[in-house]
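The values are calculated or read from the model by the stated rules, or taken from the named source; none is laboratory data. What you see is a predicted model, and the numbers here were worked out from it, not measured in a lab. Virtual Cβ from ideal backbone geometry, glycine too; neighbours counted across all protein chains shown.
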Amino acid sequence: MAMVDKIENIELAFLTIEDYQQLKDAMIEAYPNLPDAYWEENDIKALIHKFPEGQVVLKVNGQLAGSALSIIVDYEKYDGYHTYKKVTGNYTFNTHDSKGNLLYGIDIFIKKEYRGLRLGRRLYDYRKELCEQLNLKGIVFGGRIPNYHKYAHEVSPKEYIEKVKRKEIHDPVLNFQISNDFHPSKVLKGYLEGDDASSEYAVLLKWDNIYYEKARNQTDIIKKVIRLGLIQWQMRPYRNLDELMQQAEFFIDAVSEYRSDFALFPEFFNAPLMAENNHLAESEAIRALSQYTETIVQKFTELAISYNINVITGSMPEIKNDLLYNVGYLCRRDGTVERFEKIHVTPDEARIWGMQGGKTIQTFDTDCGKIGILICYDVEFPELSRLLAEEGMDMLFVPFLTDTQNGYSRVRNCAKARAIENECYVAIAGSVGNLPKVHNMDIQYAQSAVFTPCDFAFPSNGIKAEATPNSEMILIADVDIDLLRELHKFGSVKNLLDRRKDVYEVKKK
């Protein structure tokens, strides 16, 4: 194909009525087999008047090389079957609705001599940026399949699309649209009158705006950049519960001073209180520790409100219906509280303490998005976090307690894997130090950390931040939820999107 010899300037500009003659000539050239392939001047005037920012042209060396025309529609009216004539209001553009929710592509083309320069991508990118600026749900249009007439006697439109996607049939138009992140949604029959090359079929193509925010009635806004405060807790003797909670408040005060949105405590951070019952059998001592759980949760609830921070309490023993569980609580800064359970207890927890595994797997809504919480050993079972990811989890919190570097490595490496496979952030917090007067809780090893997926927008090693091993400290890290949204749609790999649900599934019982 012919291509312009020398490019001195490429300009993306709003369409003006002064461009009309060049636009008309270009459309006639671009659609030689379509009757009435161009818009009349009055139509273009009306389109520019109704929605000027939706009409753009690409100029190369001052000459019109391509164009993209769009309107905004209330897509509830057109989500089912519709034709080009219907969506344009019988070609009047009266269907344009400035309060609509989707950008509808009326036309997009590049002149022959300028093809191969990826100029079409610039027009698509402009539409996407406009869609994001206007906070629209996405872009939709009916895409022609001009090569379909060659195969109409062999395959249906649906089969044709599948063959194009599998590269068995080459369709430059549909291939280009799919490569620009538009996905086929349905086949529209009789879409464009006179389009014999497509047998009057079109493919309804959609692009979703991952930054779209539905209008909210309340004043609270879901945050996008979240600050995490992890407490790497030092195990030390405490005389009583008040002294332990003073230390807990000290850490909450510290992370809230940095305007953290979450404070994450480790698993069994209150174990030092078992020292007073060291004369008892281990199973009796852990049950005695459970008497403090209700009071601790109440105190954390008060601290969450007064320090304006969401507190994840780590975990504590709790007796329910005479059975012992390992549980924790999410104490939100609005005063609400929710409970989570350890599903998989370790062999030692079962054998020495008689602890039972929980049964509840769920995500939690917060003012910072949807989160999941798994206690220590649970993070080593990928099914759990996958279920949470399917519910829309953005951040996974893992309070843990490990006594050796071996045990810690299991938690750490599994947490890193969960961040990659579920395309989410994972924060782990553990305890350090030793408790010589507490049986079965004598030594601890930890290095708290925040892990990320491994793609270009994230650290190449998947480590956002990590604490100094075996030192009492806090770890502060910011995570950007919008980066996850981009990853889900445009990542080098798409672990969530590419799951073969036709072959396997993970579900709750």
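Could you tell me which residue of the stretch 378-399 is surrounded by the fewest Cβ atoms within 10 Å (Cβ to Cβ), considering only residues that are among the charged types (D, E, K, R) and part of a loop (DSSP other than H, G, I, E, B)?
Within the stretch 378-399, the first condition is being among the charged types (D, E, K, R), and the residues that meet it are 378, 380, 383, 386, 390-391, 394.
Pick out the ones that are also part of a loop (DSSP other than H, G, I, E, B) and you get 391, 394.
Working: Glu391: 13, Asp394: 23.
Top of the filtered list is Glu391.
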Check your understanding: Which condition breaks for Ile352 when tested against (1) assigned to a helix (DSSP H, G or I); (2) without any contact (Cβ under 8 Å) to a residue 60 or more places away in the chain?
Key -> (2)
Exercise for review: Could you please let me know if Glu76 is closer than 19 Å to Phe176 by Cβ, modelled with pLDDT under 90 and acidic (Asp, Glu)?
Suggested key: no
Review point. Out of all the residues in the stretch 153-161, is one or more crowded, with 17+ Cβ neighbours inside 10 Å, of a type outside the set (A, V, I, L, M) and modelled with pLDDT of 90 or more?
Key: yes
Practice item. Tell me the helices (runs of 4 or more DSSP H) entirely within the stretch 15-126 that contain at least 2 residues that are surrounded by fewer than 17 Cβ atoms within 10 Å (Cβ to Cβ), of a type in the set (Asp, Glu) and more than 36 Å from the chain's Cα centre (by Cα). Key: 20-30, 41-50
Check your understanding: among the β-branched types (Val, Ile, Thr) and in contact with a Phe, Trp or Tyr (Cβ under 7 Å, 6 or more places away or on another chain), is that true of Ile145?
Key -> yes
Review point. What are the residue pairs meeting all of these: first residue in the stretch 159-170, first residue under 15 Å from Ser198 (Cβ atoms), second residue among the charged types (D, E, K, R), Cβ atoms under 6 Å, and 6 or more apart or on different chains?
Key: Val164/Asp171; Ile169/Lys163
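Just wondering, is there one or more residues in the stretch 250-264 that are closer than 19 Å to Lys437 by Cβ and either touching a Lys or Arg at 6+ places or on another chain (Cβ under 8 Å) or at pLDDT 95 or above (or both)?
Within the stretch 250-264, the first condition is being closer than 19 Å to Lys437 by Cβ, and the residues that meet it are none.
Checked the stretch 250-264: no residue is closer than 19 Å to Lys437 by Cβ and either touching a Lys or Arg at 6+ places or on another chain (Cβ under 8 Å) or at pLDDT 95 or above (or both).
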Point to revise | Every pair of residues 6+ apart whose Cβ atoms lie under 7 Å, when the first sits in the stretch 380-401 and is in contact (Cβ under 8 Å) with a residue 40 or more places away in the chain while the second is among the basic types (Lys, Arg) and surrounded by fewer than 23 Cβ atoms within 10 Å (Cβ to Cβ) | key: Leu387/Lys508; Asp394/Lys370
Review point. Limited to the stretch 402-426, what total is found for residues that are free of Cβ contacts under 8 Å to residues at least 24 places away in the same chain and surrounded by 20 or more Cβ atoms within 10 Å (Cβ to Cβ)?
Key: 0
Check your understanding: Any residue at all in the stretch 100-120 that is more than 29 Å from Leu64 (Cα to Cα) and not polar (S, T, N, Q)?
Key -> yes
Check your understanding: Out of Glu486, Glu466, which single residue is of a type outside the set (A, V, I, L, M), surrounded by 14 or more Cβ atoms within 10 Å (Cβ to Cβ), more than 20 Å from the chain's Cα centre (by Cα) and over 30 Å from Lys359 (Cβ atoms)?
Key -> Glu466
Review point. Looking at the stretch 449-462, which of its residues are touching a helix residue (DSSP H, G or I) at 6+ places or on another chain (Cβ under 8 Å) and of a type outside the set (Asp, Glu)?
Key: Ala449, Phe451, Thr452, Pro453, Cys454, Ala457, Phe458, Gly462
Revision key, fill the gap. A careful count of residues in the stretch 355-368 that are assigned to a loop (DSSP other than H, G, I, E, B) and within 26 Å of the chain's Cα centre (by Cα) gives 5
**Study point:** Residues of the stretch 128-142 that turn out to be surrounded by fewer than 21 Cβ atoms within 10 Å (Cβ to Cβ) and part of a helix (DSSP H, G or I), as a count
**Key:** 5
